[in-house]
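The structure under discussion appears below in the form of structure tokens.
The values are calculated or read from the model by the stated rules, or taken from the named source; none is laboratory data. These figures come from a predicted structure and were not determined experimentally. So basically every Cβ, Gly included, is an ideal-geometry build from the backbone, and we count neighbours across all protein chains shown. To get the accessible areas, we keep the full protein, side chains included, count just its heavy atoms, and leave off ligands, DNA and RNA. Shrake-Rupley method; radii C 1.70, N 1.55, O 1.52, S 1.80 Å.
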Amino acid sequence: METVRTRLVAPTASAIDEAALLLRAGGLVAFPTETVYGLGANALDAAAVDAIFAAKGRPGDNPLIVHVGQTEQAWGFCDWNETAQRLAQTYWPGPLTLVLPKKTMVPDNVTAGLNTVALRMPDHPVALALLQKSQLALAAPSANRSGRPSPTTAQHVLDDLQGLIPLIIDGGPCRVGVESTVVDLSSQIPLLLRPGAVTPEEICAVAGTCRVADSVMRPLRADETAPSPGMRHRHYAPQARLSLVRGQEKAVIQSICRLYDQSPSAAIFAFSGHVPQYGGRRVFDLGRDPRQAAQRLFSLLRQADGEGVERIFCETASEEGLGLALMNRLARAASFDFIDA
Ligand code: TXA
Ligand code: MG
């Protein structure tokens, strides 16, 4: 692929204007959302969408999310329904993606040939300004090279995509830090395919009922079709080998210390309250609670790689609320390597 000069710019009005023009001309722009940075292109321009797959090195069988600036814009892309309307009314703009039967106008590469399309309205002033200015719907996956942790700062995007895309708008660190909740509304009962900041409890409360795909917390078998294709691909993986240590608090800390002491170039991912108990060992602070840990996780994985860490031992959290999203990303980054303390 030809190299291009990549510019990282502040989110000024003129930067938004320039980005909107670039998008309207079929180009790619990386922009901040409340979850992670996205790599956007005109969702109705199949060639522009192809360029996203090329820049990311993304497998063509992994569909993209279409970002809209207004709920009514989504209606043109899918067969909207009552549950979608209720969920959008409650959670849009916000970290919730809805999967619905697609209309024929949606290019096949956006949906990877599926008969459904994923839609969301991001809750970030820069993303919303870009959608508004360009008057486009934007197909936008996370702006990382495929297989790398999702980018939660503009610098992460630059680290992965320098020379591959022309423009990155810097909106500072992302507030949520893990990707949106994905819910399939194309059959009777809403099915949560990917956990995020909007929790299963919240979706059930608005939709009346919902189920969590059991693939959320276990590896797929080789012969199994993924309900959400993204779940099949190796994801979020750091270069270091990551293990998740679970059990009673005290036993976990003891186990992690023992494992760490036996491993060269190791690091520990621990919640703030436990950090002092690891003595002088090399600890990355996950923060106070699952919410902070979710916000920091991808950044810490990248930092560990940057510092040449080869082995990571990480504490776990309960799978309640936002904990499910955190544990889903951690389990995948660890290739489901759990150690019982
Ligand atoms: O928070 C987010 O959702 C971020 C920001 C940029 O908006 N985007 C994001 O996109 O995470 P991406 O491409 O990294 O993840 C999209 C996920 C994948 O797991 C994909 O398989 C799933 O959504 N997906 C997309 N279309 C789908 C469909 N029609 N049916 C089932 N899953 C779908
Ligand atoms: Mg992604």
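Only residues that are on the phi < 0 side of the Ramachandran plot and open to solvent by less than 10 Å² (accessible area, probe 1.4 Å): list them for segment 163-178, please.
Of everything in segment 163-178, those that are on the phi < 0 side of the Ramachandran plot and open to solvent by less than 10 Å² (accessible area, probe 1.4 Å) turn out to be I165, L167, I168, I169, C174, V178.
Would you pick out the residues in segment 278-295 that are under 19 Å from N328 (Cβ atoms) and in contact with a Leu (Cβ under 6 Å, 6 or more places away or on another chain)?
Answer for segment 278-295, where residues must be under 19 Å from N328 (Cβ atoms) and in contact with a Leu (Cβ under 6 Å, 6 or more places away or on another chain): P290, R291, A293, A294.
When only residues in segment 37-58 that are open to solvent by 10 Å² or more (accessible area, probe 1.4 Å) and touching a helix residue (DSSP H, G or I) at 6+ places or on another chain (Cβ under 8 Å) count, which is nearest to ligand 1 (Cβ to nearest atom)?
To start, the set of residues in segment 37-58 that are open to solvent by 10 Å² or more (accessible area, probe 1.4 Å) comprises 42, 44-47, 50-51, 53-54, 57-58.
If we keep only those that are touching a helix residue (DSSP H, G or I) at 6+ places or on another chain (Cβ under 8 Å) as well, we get 42, 46, 50, 53, 58.
Values: N42: 15, A46: 16, D50: 15, F53: 10, R58: 8 Å.
This residue is R58.
Given (1) of a type in the set (D, E, K, R); (2) in contact (Cβ under 8 Å) with a residue 12 or more places away in the chain; (3) more than 24 Å from A143 (Cα to Cα), identify the lone condition not met by K250.
Failing condition for K250: (2).
If you take the residues in segment 231-288 that are in a loop (DSSP other than H, G, I, E, B) and within 16 Å of ligand 1 (Cβ to nearest atom), which one is most open to solvent (accessible area, probe 1.4 Å)? Walk me through how you get there before you give the answer.
In the first step, residues of segment 231-288 are kept if they are in a loop (DSSP other than H, G, I, E, B); the result is 232-240, 247-248, 263-265, 279-282, 288.
Those left that are additionally within 16 Å of ligand 1 (Cβ to nearest atom): 232-237.
Values: R232: 106, H233: 45, R234: 167, H235: 47, Y236: 9, A237: 17 Å².
The selected residue is R234.
Scan segment 313-326 and give yes if some residue there is buried (at least 22 other Cβ atoms within 10 Å of the Cβ), assigned to a helix (DSSP H, G or I) and not small (G, A, S), otherwise no.
Looking for residues that are buried (at least 22 other Cβ atoms within 10 Å of the Cβ), assigned to a helix (DSSP H, G or I) and not small (G, A, S), one finds at least one in segment 313-326, hence yes.
Residues that are in contact with a Cys (Cβ under 8 Å, 6 or more places away or on another chain), within 12 Å of ligand 1 (Cβ to nearest atom) and either on the phi > 0 side of the Ramachandran plot or in a loop (DSSP other than H, G, I, E, B) (or both): does segment 19-32 have at least one? I'd like the intermediate steps shown before the answer.
Here is the first cut: in segment 19-32, the residues in contact with a Cys (Cβ under 8 Å, 6 or more places away or on another chain) are 32.
From the residues that got through so far, the ones that are within 12 Å of ligand 1 (Cβ to nearest atom) too are 32.
Now narrow it down to the ones that are either on the phi > 0 side of the Ramachandran plot or in a loop (DSSP other than H, G, I, E, B) (or both): 32.
Yes - at least one qualifying residue is present in segment 19-32.
How many residues does segment 280-328 contain that are within 22 Å of G172 (Cα to Cα) and of a type in the set (K, R)?
So the answer is 4.
Examine segment 99-121 for a residue that is more than 14 Å from P32 (Cα to Cα), in a helix (DSSP H, G or I), without any contact (Cβ under 8 Å) to a residue 60 or more places away in the chain and polar (S, T, N, Q), and state whether such a residue exists.
Yes, segment 99-121 has at least one match.
Scan segment 16-34 for residues that are of a type in the set (G, A, S), over 14 Å from L158 (Cα atoms) and either crowded, with 20+ Cβ neighbours inside 10 Å or within 16 Å of ligand 2 (Cβ to nearest atom) (or both) and jot them down.
A19
Against the definition (open to solvent by less than 40 Å² (accessible area, probe 1.4 Å), at pLDDT 95 or above, among the small types (G, A, S) and more than 13 Å from ligand 1 (Cβ to nearest atom)), how does S142 come out, yes or no?
Considered against the rule, which asks whether it is open to solvent by less than 40 Å² (accessible area, probe 1.4 Å), at pLDDT 95 or above, among the small types (G, A, S) and more than 13 Å from ligand 1 (Cβ to nearest atom), S142 comes out as no.
Take the residues of segment 35-46 that are more than 15 Å from ligand 2 (Cβ to nearest atom) and touching a Pro at 6+ places or on another chain (Cβ under 9 Å): which is nearest to N109 (Cα to Cα)?
Result: A46.
Quickly run through segment 124-157 and pick out the residues that are among the charged types (D, E, K, R) and outside any loop (DSSP other than H, G, I, E, B).
Matches in segment 124-157: K133 only.
Matching residues to (1) more than 16 Å from ligand 2 (Cβ to nearest atom); (2) not β-branched (V, I, T):
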site: L191; (1), (2): yes, yes
site: E201; (1), (2): yes, yes
site: V206; (1), (2): yes, no
site: V216; (1), (2): no, no
site: Q248; (1), (2): yes, yes
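Please go through segment 163-177 and give me each residue that is under 17 Å from the mean Cα position of the chain (by Cα) and β-branched (V, I, T), ordered by number. Break it down into steps so the answer makes sense when it comes.
Narrowing segment 163-177 to residues under 17 Å from the mean Cα position of the chain (by Cα): 171-177.
Within segment 163-177, just V176 meets the criteria.
Here's the yes/no breakdown for (1) over 16 Å from T71 (Cα atoms); (2) within 13 Å of ligand 1 (Cβ to nearest atom); (3) open to solvent by less than 10 Å² (accessible area, probe 1.4 Å); (4) under 19 Å from the mean Cα position of the chain (by Cα):
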position	(1), (2), (3), (4)
V110	yes, yes, yes, yes
A118	no, yes, no, yes
P122	no, yes, yes, yes
A129	no, no, no, no
S146	yes, yes, no, yes
T153	yes, no, no, yes
L161	yes, no, yes, yes
